[in-house]
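Asks: Below you'll find the structure I mean.
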Amino acid sequence: MLSKMKITFVILVLLIISIKVMAQDITGLQIIQNVYNRPSGEDQEGDLTMSLINSRGEQRVREIKQFLKDYGNMEKKIMFFLSPADVLNTSFMNWSYDEESKDDDQWIYLPALKKVKRISGDSKSDYFMGSDFTYDDLGDRHPNDDEHRLLREETIDQEPCYVVESLPREDDYMYSKTITWVIKDIWIGRKKEFYDEDGDLLKILTVKEVKQIKDYQIITLSEMHNVQKDHTTRMHLQNVKLDIGIDDNKFTERIMKRGL
């Protein structure tokens with residue numbers, strides 16, 4: 001007959017095994033879906049500082065006012081460049097859709113041309129305003145656009161993460177694959193590697209700071225480092241306001257031209 005201590009030990013072992021099995025049951029697709037569906041408020045306003053840093057450590061700094069709004073089945077974002085003078089009054093707008101077959105709609109307003117230009121699909125791989133982010137990076141890629149595979153679990157700075165490899169379903173996509181370290185429970189991509197069409201590491205996105213604002217986990221500092229060019233873009237979001245009731249008219253071509 002087993003003693004109470006032995007029975008307790010057996011139960012504890014079985015519990016640990018069951019927890020491990022449950023953890024392994026989650027798929028790469030489910031992890032990326034959790035990242036995609038992570039709540040971040042009905043709308044958001046903030047001041048964004050974009051720093052472009054070359055291989056010599058020299059910086060060019062751009063100040064931006066940013067607005068986002070979630071409509072349930074779509075999200076709208078608009079950015080207004082405030083400084084320096086050479087980008088003043090430039091604006092960018094992105095509409096992302098939950099519908100799997102629908103690509104993001106994107107527009108940019110260049111004051112020198114006095115015209116709103118729609119970003120075509122062929123231009124999504126172009127780099128945005130001299131940064132290390134492509135136009136495609138600024139949108140929301142639908143989870144079903146890729147095939148996802150959970151590679152392993154790792155810890156980054158004491159944060160347990162799932163490591164997921166994502167392969168594009170389309171043959172002509174700009175990245176051959178991405179690998180994302182997703183923080184468990186809060187479903188934020190802590191780190192993401194982008195590989196070029198030849199399968200070589202192109203750039204690494206690292207989330208440096210996450211703040212809880214109201215009931216949401218908001219990324220406030222991130223860096224995209226192009227390892228092939230040794231160039232970095234730092235994005236620092238400050239003065240964040242959530243759920244303030246941003247007007248729908250904020251996300252229009254007319255406002256892009258008019259500015260703040």
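The values are calculated or read from the model by the stated rules, or taken from the named source; none is laboratory data. Note that this is a predicted model, so its numbers are computed, not measured. With ideal geometry, Cβ positions are generated from the backbone for all residues, glycine too; neighbour counts draw on all protein chains shown.
Asks: Surrounded by 16 or more Cβ atoms within 10 Å (Cβ to Cβ), modelled with pLDDT of 95 or more and either under 23 Å from Ser40 (Cα atoms) or among the β-branched types (Val, Ile, Thr) (or both): which single residue out of His236, His231 fits that description? Show your work before the answer.
Replies: On the way: His231 fails: either under 23 Å from Ser40 (Cα atoms) or among the β-branched types (Val, Ile, Thr) (or both).
Sole residue among the options that is surrounded by 16 or more Cβ atoms within 10 Å (Cβ to Cβ), modelled with pLDDT of 95 or more and either under 23 Å from Ser40 (Cα atoms) or among the β-branched types (Val, Ile, Thr) (or both): His236.
Asks: Of everything in region 52-81 that's of a type in the set (A, V, I, L, M, F, W, C), buried (at least 17 other Cβ atoms within 10 Å of the Cβ) and closer than 20 Å to Leu260 by Cα, which residue is nearest to the chain's Cα centre (by Cα)?
Replies: Initial filter on region 52-81 (of a type in the set (A, V, I, L, M, F, W, C)): 52-53, 61, 64, 67-68, 74, 78-81.
So of that shortlist, the ones also buried (at least 17 other Cβ atoms within 10 Å of the Cβ) come out as 52-53, 64, 67-68, 78-81.
From what is left, the residues that are closer than 20 Å to Leu260 by Cα are 64, 67-68, 78-81.
Details: Ile64: 17, Phe67: 15, Leu68: 13, Ile78: 15, Met79: 16, Phe80: 19, Phe81: 20 Å.
Within region 52-81, the match that is nearest to the chain's Cα centre (by Cα) is Leu68.
Asks: For region 109-125: of the residues being without any contact (Cβ under 8 Å) to a residue 40 or more places away in the chain and in contact with a strand residue (DSSP E or B) (Cβ under 8 Å, 6 or more places away or on another chain), which is farthest from Ile78 (Cα to Cα)?
Replies: Within region 109-125, the first condition is being without any contact (Cβ under 8 Å) to a residue 40 or more places away in the chain, and the residues that meet it are 110-113, 115, 117-123.
Filter once more, keeping what is in contact with a strand residue (DSSP E or B) (Cβ under 8 Å, 6 or more places away or on another chain): 110, 115, 117-119.
Working: Leu110: 14, Lys115: 16, Lys117: 14, Arg118: 14, Ile119: 14 Å.
The residue in question is Lys115.
Asks: Also: Would you point out the residue of region 196-223, among those that are basic (Lys, Arg) and part of a strand (DSSP E or B), that is surrounded by the most Cβ atoms within 10 Å (Cβ to Cβ)? Spell out the reasoning first.
Replies: Looking only at region 196-223, we keep the residues that are basic (Lys, Arg), and these are 203, 208, 211, 214.
Subsequent filtering for residues that are part of a strand (DSSP E or B) retains 203, 208, 211.
Details: Lys203: 23, Lys208: 13, Lys211: 13.
Applying the filter and picking the extreme gives Lys203.
Asks: If Val182 satisfies every condition in (1) under 22 Å from Thr27 (Cα atoms); (2) touching an Asp or Glu at 6+ places or on another chain (Cβ under 9 Å); (3) among the aliphatic types (A, V, I, L, M) but one, which is the exception?
Replies: The one condition Val182 does not meet is (2).
Asks: Do we find a residue being over 18 Å from Asp132 (Cβ atoms), in contact with a helix residue (DSSP H, G or I) (Cβ under 8 Å, 6 or more places away or on another chain), of a type outside the set (Asp, Glu) and surrounded by fewer than 17 Cβ atoms within 10 Å (Cβ to Cβ) anywhere in region 157-176?
Replies: yes
Asks: What is the number of the single condition among (1) polar (S, T, N, Q); (2) crowded, with 17+ Cβ neighbours inside 10 Å; (3) in contact with a helix residue (DSSP H, G or I) (Cβ under 7 Å, 6 or more places away or on another chain) that Gln106 does not meet?
Replies: (3) is the only condition that Gln106 fails.
Asks: Only one of (1) surrounded by 18 or more Cβ atoms within 10 Å (Cβ to Cβ); (2) within 25 Å of Lys124 (Cα to Cα); (3) among the hydrophobic types (A, V, I, L, M, F, W, C); (4) in contact with a helix residue (DSSP H, G or I) (Cβ under 9 Å, 6 or more places away or on another chain) fails for Trp187. Which number is that?
Replies: With (1) surrounded by 18 or more Cβ atoms within 10 Å (Cβ to Cβ); (2) within 25 Å of Lys124 (Cα to Cα); (3) among the hydrophobic types (A, V, I, L, M, F, W, C); (4) in contact with a helix residue (DSSP H, G or I) (Cβ under 9 Å, 6 or more places away or on another chain) applied to Trp187, the lone miss is (2).
Asks: May I ask you to list the residues in region 131-154 that are surrounded by fewer than 17 Cβ atoms within 10 Å (Cβ to Cβ) and touching a Leu at 6+ places or on another chain (Cβ under 6 Å)?
Replies: Passing the criteria: only Glu147.
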